[in-house]
Amino acid sequence: MNQAETKSRMQFESAVDHPPIKPVRSIDTGTASRAAIQTWTGKAIAEQIHGKPLGEAYRHWLYHRATRQPCLRDMYSKSFSAYGDTLLNLKLGDEHVVISQSDSYIRDVGQDLRGTRLRELKFATANSLREIYDQSLATRQPIYARYISSLSDQNVYWETVVLPLAIDERSAPIFTLSFVAMLSEKIDVLQILYDRSPIGIVAAVPVMNGQHGQHKIEDARILTLNTKARDLLRLEPSRYQIHTVGELIRYLGEPLGWTATKTLREGHATRIDYHDPDGNLFAVTIELVNQIVLISLAEQSRLDEEAEQPPEVNIAGRFARMIGLH
């Protein structure tokens, strides 16, 4: 077989092994297209990471970064055993080449990218991730991202943490190791929104009063509170243990010192407006959603003392007994 025939055969086999990767939508095609993507850097990464393998990988990188530039061998040492989807790229000049891809990631993404030059992938997701790899290597810092893949019409939502790695401690990083996980399940996305919500959220299971066939809500046992709710309520587990909504409402008065100024009905919900001793305003909304008592706590604008209205807390509703109005 002569040289021309060998080259032709190699090109044919390459085309068989790596058929062209095309996005689902034509607008995601081309070098100018970009993915729907969000990125975080610095301390925000630890707050945003959802998947356990990504968190373990990020903390392992930080452990080595405390004393030196993390190296590729650090992520393959016996002391590190994070599992999950991974993609390893090597930067050669201006090019990123995929040199390793986990079997699980090949299955999940439906593409074997090993040996691929990222510049050859001219679609939105690849373009955006290539820029992230460049930024990570230039700054020598990890980057966390969430994005919707261009390769699926199902709005598959992914998260990834990109870690820059060097050959040794004295050289600049030339590898980017990405840990990737799908966030396509609604429960994952909702968990992120719940944990990072700017609104305090409390969920509780109703306790019914079945006397005389009334079946009214007597109280509700607290199931969960998100981080914002704990911050607004200044709840320290070592000092306060609140188990029911009734206890929570009483806690607002003592020791927090919140004063109720107005209670009103908004559809099927009950809203109570409060102000604290410093004049900060809060709105507490209680409603029953699919047999769960859902309480939201929102910060309002500060109290204008001249416009302050006299307390108006005598409106009874579905939650009157629980909030102490009946």
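The values are calculated or read from the model by the stated rules, or taken from the named source; none is laboratory data. Not measured: the values here are computed from a predicted model. Here Cβ is always computed from backbone atoms with ideal geometry, including for glycine, and neighbour counts include all displayed protein chains.
Structure data summary
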item: Strands (runs of 3 or more DSSP E) fully within the range 81-186 counting 2 or more residues that are closer than 20 Å to Thr39 by Cβ, at pLDDT below 90 and among the small types (Gly, Ala, Ser); result: none
item: Which numbered condition Pro277 fails, given (1) of a type outside the set (Asp, Glu); (2) at pLDDT 90 or above; (3) under 28 Å from Val207 (Cβ atoms); (4) out of contact with any strand residue (DSSP E or B) (no Cβ under 6 Å at 6 or more places or on another chain); result: (3)
item: Meets criteria (out of contact with any His (no Cβ under 6 Å at 6 or more places or on another chain), within 21 Å of Trp158 (Cβ to Cβ) and either buried (at least 20 other Cβ atoms within 10 Å of the Cβ) or among the hydrophobic types (A, V, I, L, M, F, W, C) (or both)) for Asp112; result: no
item: Hits in the range 37-80 - residues which are touching a residue at least 60 places away in the same chain (Cβ under 8 Å), in a loop (DSSP other than H, G, I, E, B) and either over 20 Å from Ile132 (Cα atoms) or in contact with a His (Cβ under 8 Å, 6 or more places away or on another chain) (or both); result: Arg68, Pro70
item: Failed condition for Pro237, given (1) under 30 Å from the mean Cα position of the chain (by Cα); (2) more than 16 Å from Ile217 (Cβ to Cβ); (3) at pLDDT 85 or above; (4) loosely packed, with under 14 Cβ neighbours inside 10 Å; result: (3)
item: Long-range neighbours under 7 Å by Cβ, at least six apart or interchain, first residue assigned to a strand (DSSP E or B) and basic (Lys, Arg) within the range 250-268, second surrounded by 13 or more Cβ atoms within 10 Å (Cβ to Cβ) and at pLDDT 90 or above; result: Lys262/Asp273
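So that you can scan it fast, the table gives a plain yes or no per residue for (1) of a type in the set (Ser, Thr, Tyr); (2) surrounded by 16 or more Cβ atoms within 10 Å (Cβ to Cβ):
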{"position": "Ile222", "(1), (2)": "no, yes"}
{"position": "Leu232", "(1), (2)": "no, yes"}
{"position": "Glu247", "(1), (2)": "no, no"}
{"position": "Pro255", "(1), (2)": "no, no"}
{"position": "Thr259", "(1), (2)": "yes, no"}
{"position": "His268", "(1), (2)": "no, no"}
{"position": "Arg271", "(1), (2)": "no, yes"}
{"position": "His275", "(1), (2)": "no, yes"}
{"position": "Ile286", "(1), (2)": "no, yes"}
